[in-house]
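Participant: Quick one: the structure is below, questions incoming.
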Amino acid sequence: MKRDGVIRALLLGVALSAIFGLALITVFIFREGVPIILHVGVRKFFLSTDWDPSLGRFGILSMVVGSLMVTVGAAAIGVVFSLALAIVLTQFSPPGLSAALKPVIELLAGIPSVVYGFVGVVTLVPLIRHWLGGPGLSVLAASIVLGVMILPTITSIAIDALEAVPRSYLEGSIALGATRWQTVTMVLLRAARSGLIAAVILGMGRAIGETMAVIMVAGNALDVPHSLLAPVRTLTSNIALEMGYASGDHRKALFATGVTLFAIITLLNTAALAVSRRRVGKRRAP
Amino acid sequence: MVGRAHAGTARDGATVSRFACVFLAVVGLCAGCTRTSGQSVTLLGSTSIQPFAEMLAERYAKEFPGRLVEVQGGGSTAGLQAAERGLANIGMCSRSLTPKEALVFTPILIARDGLALVVNRNNPVADLSIGQLRDLFAGHVTNWKELGGQDGPIRPITREEGSGTRESFVRLVMGKERISGRALTQESNGAVKELVKGDPAAIGYMSLGLVSQELKAMAIEDIQPTVENVLAARYHLVRPLLFVTKGSVTPAARMFIDFVLSPEGQAVLATEGLVGLR
Amino acid sequence: MKPMVRQRLAVGFMWMLTGITFAVLLFILAFILVHGLPHITWAFLTQSPASMGRQGGIFPMIVGTVLVSGLAVLLAAPIGVGTAVYLSEYTREGRLTSAIRFGSDCLAGVPSIIFGLFGFVFFAITLGMGLSVLSGALTLALMVLPTIIRTSEEAIRRVPNSYREVSLGLGGTRWQTVFYVVLRSALPGISTGIVLSLGRSISETAAVMLTAGSGMRLPRSLFDSSRTLALHFYLLSREGISMPNAYATASVLIIAILALNFLAYALMRKFAVKASR
């Protein structure tokens, strides 16, 4: 029994050190970042496109727009393919095949970001430059690369969401004479809607945090992109490009960018949670 | 039941003590090793100087086996900060120091380097004036045909803010004008080179010593970007390459610096297209 | 349009998209491996690089990767699993535990570059560890800790309560219950989470770039700077230093990740079989 007390104390110590470590990061980032936002002015920081550290100007709007454009683009591409994948694997493919294909999708998640970026630079960027114009390093290139990268995330959550729909719903629909496809569109997707939306939101959360692949294919220009073919700089790329040499206020501004990302991702996570909770509520209906 | 409990506690004890051993071993490994700042030399900074420093480091290691020199990139400003905070023994900086910086750091000139304006090999434009360059990078001139080339958009490529190459470019060409927000940003000489290699409409600036056959370096104000022209101070865009230190230098670092400034070290730099001190 | 016809078209379209997805995956893997595998020789794997990576091999990078990622997971796994055990077995569900869980979930989603920024400023500069394996490992450990806590907790919570009740009913202490019953059953999920975290830390580039540095020499202590495989690949390919070596480095990286994925998958199946006995 005494041993149990010792173990319990040990585990408490471990848990406290973990919590301490994670709290340290959060506090550190906020302590470095928030004062500079207040110093520059909340409006100037978030709504100005003027980012010029040597002149002390820290407006991150063009990078916020950049991040959002690229993330939405990635979600648009990701959603199409992920949804198709999830529907096919749960409804229209033989169980052996789907069991074999699921780990293959997880494989996509394991490929390093730099490999995606590299393949994108070598194959996708010249294609865009040649056929669509512009430098090739663009919002489009970043969206496509990111879309592929978040595919596994969206797909696995979507599969969970689809599989959670009670079989009785589907069987009922078929019994009423609907085709399987009609069942999918009119029953399955509607019942799983919240879970699917949560999947996309979480995919977007992953996309917005991506750094290396984006640096390689997005062009990193400071202007707000005026079209899909224009180069773009995201919040994460900005941090990565400048953190090596930033000091003083500049470095604090990068932490402030980190705070911004933290806030955006927390928002997305909370939204995904709220949306998926609604699904559970709906299912309680008889 | 009781016996099993005893066996359980014995095995628990073994696990815990095994874990403790591993933990202590790791701590011991950390505590036992010292910062290697006494033995090896670390250089950090300019991506323009980096390849040359690497070459010098390899030659140095060959001449004096066992003397290790570590070279890392990051850009000139990062190099200065690394020297300041002790992250590196020597900071590599490819621009001259500002007055404020000169109060803190000790610069050592190791060579001079031309700043080349590079375009794709297929670009017919072969020379520009400094004024044209300035307009181009500021975004006032946006089509190659305005500069005597083929009709098509100009894509300027710039370096990140902490880059000594960029800072030198701004001082020598841009003056008061700001570089256009449209310019693509790359974080090293090599990345600029790769981009210009692949894009016929691109133009970027980089270390003259790192230009290769695959690119075309433009003449500026009708002066060709050659080592002779840089040596003779005819070529307009020249910047210093510095090893920067703060405070006292470790003996190992001093030995390496002496090597770089020696005739042998300078010969290595000269063969690679840098302009030596002699 | 007849419903069956519409179904045929729709399903056909979905299969096409599925096919495209797998084709893209195959293309990426093939692109790297086809260009890179021919250049992987024993010499390549055991030599040090020369001339900035143009010649020589990648041995220091392999060592660096193993050191940085291995140490990171070695630190994060016991702490993460221990925390998960404490949160789910030794405390009552309350606002504190849900707050901790929420915080941990949030941090699991925070971009790795922010961990890198923190690690650079805190470990490398403030604590004076410099650009070193240690700075990199500590940063990565913090990065994967939330994920390990979360996956471990999920795995532990999935263990049926009846297991615990039976164990306690037979006279076991809480710790014996946890260690011999709960953890054994949760082991597939926990180890999968750890292996996947290992995979994630091996692929990490942004966070290691400014904590472990980019030194090309073999690290002789934890305080030496070292370059990981992913970073080496990034630098070689980005700066056009050596494309064949870049592809070869990426191939080694991908093979390592494939092996880890396979390990995770095998672990999951093996322990699932054991648990069901």
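Participant: Direction-averaged shadow area of the convex hull around the Cα atoms of segment A:140-286, nm²?
Facilitator: 10.9 nm²
Participant: Give the angle, between 0 and 90 degrees and rounded to the nearest 10, that separates the Cα long axis of helix B:76-85 from the longest principal axis of the Cα atoms of chain B.
Facilitator: Long axis of B:76-85 versus the principal axis of chain B: about 40 degrees.
Participant: For residue B:58 and residue C:42, what is the calculated FRET efficiency with R₀ set at 25 Å and r taken between the beta-carbons, to the nearest 0.05?
Facilitator: The calculated FRET efficiency here is 0.65.
Participant: In terms of modelled amide H atoms, which long-range or inter-chain residues lie less than 5 Å from the amide H of residue A:57?
Facilitator: Here the answer is A:52, since their amide H atoms fall under 5 Å of that of residue A:57.
Participant: Please give, to one decimal in nm, the separation of the simple spin-label points placed at residue A:227 and residue B:277, each 7 Å out from Cα toward the Cβ.
Facilitator: So the label points at residue A:227 and residue B:277 sit 5.3 nm apart.
Participant: Related question: Just to confirm my numbers, what's the Cα centroid distance between segment B:190-251 and segment B:44-58 in Å?
Facilitator: For segment B:190-251 versus segment B:44-58, the Cα centre distance is 14 Å.
Participant: Give me the percent relative contact order of segment C:1-73, please, defined on Cα pairs under 8 angstrom at least 6 residues apart.
Facilitator: 15 percent
Participant: While we're here: Sort A:160, B:113, C:224 so that the residue with the fewest other Cβ atoms within 10 Å of its own Cβ comes first and the one with the most comes last.
Facilitator: A:160, C:224, B:113
Participant: From the Cα gyration tensor of chain A, with a ≥ b ≥ c the square roots of its eigenvalues, which class applies: rounded if a/c is under 1.5, or else prolate if a/b is larger than b/c, or else oblate?
Facilitator: oblate
Participant: Other chains near C:251-259: what is the mean number of their Cβ atoms within 10 Å of each residue's Cβ?
Facilitator: Taking the mean over all residues of the peptide, I get 2.
Participant: If you don't mind, another one. Residue by residue through segment C:231-242, what is 3J(HN,Hα) from phi via Karplus (6.51 cos²θ - 1.76 cosθ + 1.60, θ = phi - 60°)? Round to whole Hz and write x for glycine and proline.
Facilitator: Per-residue couplings from phi come out as 5, 4, 4, 4, 5, 4, 6, 5, 9, x, 5, 7 Hz.
Participant: Turning to a different aspect of this structure: Each residue of segment C:131-146 in turn: what ³J(HN,Hα) in whole Hz from Karplus with 6.51, -1.76, 1.60 and θ = phi - 60°, glycine and Pro shown as x?
Facilitator: 7, 8, 4, 5, 4, x, 5, 4, 4, 5, 4, 4, 5, 8, 4, x
Participant: Using the 10 angstrom Cβ neighbour count as an exposure proxy, how do B:93, C:106 rank, fewest first?
Facilitator: In increasing order of surrounding Cβ atoms, one gets C:106, B:93.
Participant: Specify the residue with the greatest mean-square fluctuation among A:38, A:162, A:85, computed from a Gaussian network of chain A linking alpha-carbon atoms under 10 Å apart.
Facilitator: A:38
Participant: Go through segment A:229-244 residue by residue and turn each phi into a ³J(HN,Hα) via Karplus (6.51, -1.76, 1.60, θ = phi - 60°); whole Hz please, and just put x for glycine and proline.
Facilitator: In residue order, the calculated couplings are 8, 8, x, 8, 10, 9, 4, 5, 4, 4, 4, 5, 5, 10, 5, x Hz.
Participant: Another question, if that's okay. Give me a single rounded figure for B:185-197: the average over its residues of other chain Cβ atoms within 10 Å of their Cβ.
Facilitator: 5
Participant: Long-range amide H contacts for residue B:70: which residues qualify at under 5 Å (H placed 1.01 Å from N, peptide plane, sequence gap of 5 or more or a different chain)?
Facilitator: Amide H to amide H, under 5 Å and 5 or more residues apart or across chains, residue B:70 pairs with B:41, B:42, B:43.
Participant: If I take every Cα pair under 8 Å that is 6 or more residues apart in chain B, average their sequence separation and divide by the length, what percent do I get for the relative contact order?
Facilitator: Worked out over chain B, it gives 26 percent.
Participant: For the pair residue A:26/residue B:226, report the inter-label distance in nm, with labels modelled 7 Å from Cα in the Cβ direction.
Facilitator: 6.5 nm
Participant: Sorted by mean Cβ packing within 10 Å, highest first, what order do the peptides A:120-129, B:159-168 take?
Facilitator: B:159-168, A:120-129
Participant: Would you calculate a helix-derived [θ] at 222 nm for the protein assembly as shown, using -39,500 (n - 2.57) for each DSSP H run of n ≥ 4 and dividing by the full residue count, to the nearest 500?
Facilitator: The helix-only estimate for the protein assembly as shown comes to -20000 deg cm²/dmol at 222 nm.
Participant: What's the magnitude of the charge dipole for the protein assembly as shown around its Cα centre, counting Lys and Arg as +1 and Asp and Glu as -1 at the beta-carbon? Answer in Debye, nearest 20.
Facilitator: Its charge dipole is roughly 2980 debye.
Participant: In whole Å and largest first, what semi-axes does the C-alpha gyration tensor of the protein assembly as shown yield when each eigenvalue is scaled by 5 and square-rooted?
Facilitator: Semi-axes (√(5λ), whole Å): 48, 35, 23.
Participant: Okay, moving on. Could you work out the mean count of beta carbons from other protein chains within 10 Å of each residue's beta carbon in C:125-136?
Facilitator: 3
Participant: Can you pull out the trypsin sites (Lys or Arg not before Pro) in segment C:30-131 that DSSP calls coil and that have at most 16 other Cβ atoms within 10 Å?
Facilitator: Here the trypsin sites (Lys or Arg not before Pro) that fit, given the DSSP loop and packing criteria, are C:54, C:92.
Participant: Say R0 is 45 Å: what FRET efficiency, to the nearest 0.05, do residue A:185 and residue A:68 get from their beta-carbon distance?
Facilitator: My answer for the efficiency is 0.90.
Participant: Can you give the charge dipole size of segment B:120-278 about its Cα centre, rounded to the nearest 20 debye, using +1 on the beta carbon of Lys and Arg and -1 on the beta carbon of Asp and Glu?
Facilitator: So the dipole magnitude of segment B:120-278 works out to roughly 300 debye.
Participant: Follow-up. Let me see the pair-distance distribution of chain C: every alpha carbon pair, 5 Å bin width, integer percents in order.
Facilitator: 1, 6, 10, 13, 13, 13, 12, 10, 8, 6, 4, 2, 1, 0, 0
Participant: Quick one: C:35, B:140, A:130, fewest Cβ neighbours within 10 Å first, how do they rank?
Facilitator: The order, fewest Cβ neighbours first, is A:130, B:140, C:35.
Participant: Ranking request for peptides B:191-198, A:96-103: highest mean number of other beta-carbon atoms within 10 Å first, then the rest in descending order.
Facilitator: Descending packing order for the listed peptides: B:191-198, A:96-103.
Participant: Please list the non-local residues whose amide H lies under 5 Å from the amide H of residue B:111, H modeled 1.01 Å from N, same-chain partners needing a gap of 5 or more.
Facilitator: Result for residue B:111 returns B:241.
Participant: What is the distance in Å between the Cα centroid of segment C:48-112 and that of segment A:9-59?
Facilitator: Between the Cα centres of segment C:48-112 and segment A:9-59 lies a distance of 21 Å.
Participant: Further question on the same structure: Tell me, how many Å apart are the Cα centres for segment C:203-277 and for segment A:78-118?
Facilitator: Comparing the Cα centres of segment C:203-277 and segment A:78-118, I get a distance of 22 Å.
Readers should treat all values here as calculations from the given coordinates under stated rules, not as data from a laboratory. Note that the structure is predicted; figures quoted are calculated from it, not measured. Cβ coordinates were reconstructed from backbone atoms using ideal geometry, including for glycine residues, and neighbour counts include every protein chain displayed.
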